[in-house]
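What follows is a short report on a single structure.
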Amino acid sequence: MFTNNGNMFVSTAYMIEHRGVREECCTFMLRRSENAEYFEARMVKKAGTVCVGMTQRSISRMNTIGWAPGSFGIESSGELFYDGQFDQRVSNIIEGDVVACSWERTQGRLTYFLNDEKIG
C-alpha cells in the first residue's frame, strides 16, 4: 500500500508492443474499465521482459515502470516494485496471463492481480 499526491494516471491504449534493449518484443492487449483507476493487460506474446503498472505523470517515459521512484509495476519476470523499490517475488507472467492493476484513489491503495488472483 502507498499514499500518493493524486498524480497517478492510466493512459487509454488497447495494444502495446514493446521492443526492449535487445529488440525483444512483448505484446499486451489492454482492456480499460469504466473506472479510470483499473485496467487489465493480457500477455499476447512474450519474447522479453516488460513491466506493467502505473506511474506519476512527472516520471520520464524512458524509465521502466516500477523501477523509478513514483512508479509501481510488476515485471514479467515476477518481480513486484513499489515506488521504485523491489517489494516481493510473484509468479512469472507468461503468454495468456492477465495482469490487472487497481488503484483506489481515496485510500491510496494499489493492488495487482494475476489471472484474477490478488498478488500485491
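The values are calculated or read from the model by the stated rules, or taken from the named source; none is laboratory data. Owing to the predicted nature of the structure, the values given are computational and were not obtained by experimental measurement. No Cβ is skipped: glycine too gets one built from the backbone with ideal geometry, and neighbour counts run over all protein chains shown.
Take the conditions surrounded by fewer than 16 Cβ atoms within 10 Å (Cβ to Cβ), part of a loop (DSSP other than H, G, I, E, B) and either modelled with pLDDT of 50 or more or touching a His at 6+ places or on another chain (Cβ under 6 Å) (or both) and apply them to residue 5. Does it pass? No; evaluated as a whole, the condition is false for this residue. When you look at residue 87, is it in contact with a strand residue (DSSP E or B) (Cβ under 9 Å, 6 or more places away or on another chain), modelled with pLDDT of 90 or more and not small (Gly, Ala, Ser), yes or no? So residue 87 fits the description; yes.
Scanning the stretch 81-119 for residues that are acidic (Asp, Glu), part of a strand (DSSP E or B) and surrounded by 13 or more Cβ atoms within 10 Å (Cβ to Cβ) yields 87, 104.
Of the strands (runs of 3 or more DSSP E) lying entirely inside the stretch 27-80, those carrying at least 1 residues that are of a type in the set (S, T, N, Q), modelled with pLDDT of 75 or more and under 11 Å from the mean Cα position of the chain (by Cα) are 51-56, 71-75. Within the stretch 85-104, the residues that satisfy the criterion of being farther than 12 Å from residue 43 by Cα and touching a Gly at 6+ places or on another chain (Cβ under 7 Å) are 87, 88, 89, 90, 91, 101. In the stretch 51-73, the qualifying residues are those that are of a type in the set (Gly, Ala, Ser) and in contact (Cβ under 8 Å) with a residue 12 or more places away in the chain, and the one that is nearest to residue 103 (Cα to Cα) is 53.
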